[in-house]
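For reference, the structure is listed below as structure tokens.
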Amino acid sequence: MALPTSVTVTWTTDGLIIVPSETDVPVTPPVTPPTTEGIQAKRISDLIELFGVNTFSSMDEHNTWGSWPADYKPESVIAALKYIVGDSGFALRIREYHYSNKYAMQAEWLPKIVSAFPGTKVSLCPGANMNISDVETMLDLSDNPANGIIWLEGLNEPNTDFGSGQVPVETTMAIQNGVWRANSARKIMGPSIVAGMPHPEGWITGYFGNQMDTVNTLMHEGNGHYYPPGNPDVPATGWSINEYIGGLWTVYAQKSIHLTEFHPTLYNSEGNKPDQPGWSGDRDAYYTLLTLLRCGKNGTQGLWWYALFDYGTQYKCGLFPTDNENNPRPVADALKTLCTICADRGDRHNFTTEKLAIEITGLTSAIDYDVYQTSDKAFIVPIWYSANENAAEVNVHITLAKQSIITVYNPLDVNDPIKTADATTMDLNVLPGIFILVIDQ
């Protein structure tokens, strides 16, 4: 039987349902290409490798960071990361907290992780209530390429009381100045000021006061922590990712922004925290992938999940509860599926991307898409509908300039993908969720 040239795809609670067109006889592809001249693709590694995890290094199961019973010895961390990335070729980021008394441990721990996943990018953060004297050992670690340290940060959450009260702005500035002047060739982030929503910029200027202009001269990129109070990434709520990034971008003199801590529901105010009966692992997975896709499109430079494993028994925030690949939470499985769909085992960082002549109509303010490409030149087009679960179904129409082999995936579903071939058009009837289209031409 001939393959259909157009299909209708419906996403139901049972997954994707694909219905061939009324005839199975191929028709002549349209002579006129879509009105777009083509969208320049980004490397798929630009998206997947935005994602990272916060870690609390340890050489044995008796974690010294207060996150026991979490087990951050190298083999446990490697197993957990391997569970997610598999053989996809990707390397997720790491964010480590530093004090001078952790130097010897981190000098042994970091190379083990980086050697297991070549290309791992590490951000080193001055731990809460760090002293200026700790900066020197932090810089020493960054000088060794084996540690994979790309970014050095300013002080972690100085305006949060970690048992010692708010850190005086003069101390925060002294640490920032030490990091900047001693190692200005590195990519330097600012301090991660705790900034609520909406309008995080008010929290930041309130902390820095007359030091705001000065701190902006002592960093290359801005730094924030994103813990939305409501289910994230619904536009125009005051706490969507685009609004939050916009506030940080404004106050940090329009510098690029990293989100070095992120969790979609850890500080949820709607009864959906991980330790509450209303929590849903599937919802965490959905909103995490949405946030990642939005970050890939809005120019955010990094998104680090807090944390790889639960922080002690108080914060059930891990991708896994306590160690390696045991008991992955739904968000870990969703990330694993995304890595599998988007796998790029070639030279994922250095190939030249192409344009894809694609036109998508029927979009709303809550529905968006982006275009990526793997090193073997397959196009990957995520389409996401960021809305609460009761939002209405929307039809979007996709037109390609030429016949293509299209594979449709739902990364939140572990079922096999539903495939179609030689299609030039496709209708998607979408409820809130995510599609990944893999297009081979």
>> Please compute, for the alpha-carbon atoms of the range 54-183, the extent along each of the three principal axes and give them in descending order in Å.
In response: 47, 32, 23
> Summing +1 for each Lys or Arg and -1 for each Asp or Glu, what net charge is found among the other residues whose Cβ lies under 9 Å from the Cβ of Gly52?
Replying inline: +2
>> Can you classify the range 44-341 as rounded, prolate or oblate using the Cα gyration tensor, where a ≥ b ≥ c are the square roots of its eigenvalues, rounded means a/c under 1.5, and otherwise it's prolate if a/b beats b/c and oblate if not?
In response: rounded
>> Can you classify the range 141-194 as rounded, prolate or oblate using the Cα gyration tensor, where a ≥ b ≥ c are the square roots of its eigenvalues, rounded means a/c under 1.5, and otherwise it's prolate if a/b beats b/c and oblate if not?
In response: prolate
>> So for each of 277-290, 297-310 I average, over its residues, the number of other beta carbons within 10 Å; can you give me the resulting order with the highest mean first?
In response: 297-310, 277-290
> If one takes the longest principal axis of the Cα atoms in the chain, at what angle in degrees, from 0 to 90 and to the nearest 10, does the Cα axis of helix 241-251 lie?
Replying inline: 40
> How much net charge surrounds Pro229 when only other residues with a Cβ under 12 Å from its Cβ are counted (Lys, Arg +1; Asp, Glu -1)?
Replying inline: 0
> Helix 330-341 versus the longest principal axis of the chain: what is the Cα-based angle in degrees, 0 to 90, to the nearest 10?
Replying inline: 60
>> Based only on other Cβ atoms within 10 Å, what is the fewest-to-most ordering of Tyr385, Tyr99?
In response: Tyr99, Tyr385
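Could you compute the net charge surrounding Thr337? Neighbours are other residues with a C-beta less than 13 Å from the C-beta of Thr337; K and R count +1, D and E count -1.
-3
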>> Order these by the 10 Å Cβ neighbour count, fewest first: His98, His62.
In response: His62, His98
> Looking at this model, which pairs from Lys187/Lys355; Lys336/Lys377; Lys42/Lys297; Lys121/Lys273; Lys42/Lys82; Lys121/Lys355 are more than 20 angstrom apart at the alpha-carbon?
Replying inline: Lys187/Lys355; Lys336/Lys377; Lys121/Lys273; Lys42/Lys82; Lys121/Lys355
>> For the ranges 46-53, 359-366, 338-345, 233-240, what's the packing order if you count other beta-carbon atoms within 10 Å of each residue, average per peptide, and put the highest first?
In response: 46-53, 338-345, 233-240, 359-366
> Calculated FRET efficiency, Ile150 and Thr214, Cβ-Cβ r, R0 41 Å, to nearest 0.05?
Replying inline: 0.95
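Any read-out appearing in this document is the output of simple, stated calculations on the displayed coordinates, not a laboratory observation. Keep in mind the model is a prediction, meaning the values are calculated, not measured. Glycine gets a Cβ as well: all are built from the backbone with ideal geometry, and neighbour counts include every protein chain shown.
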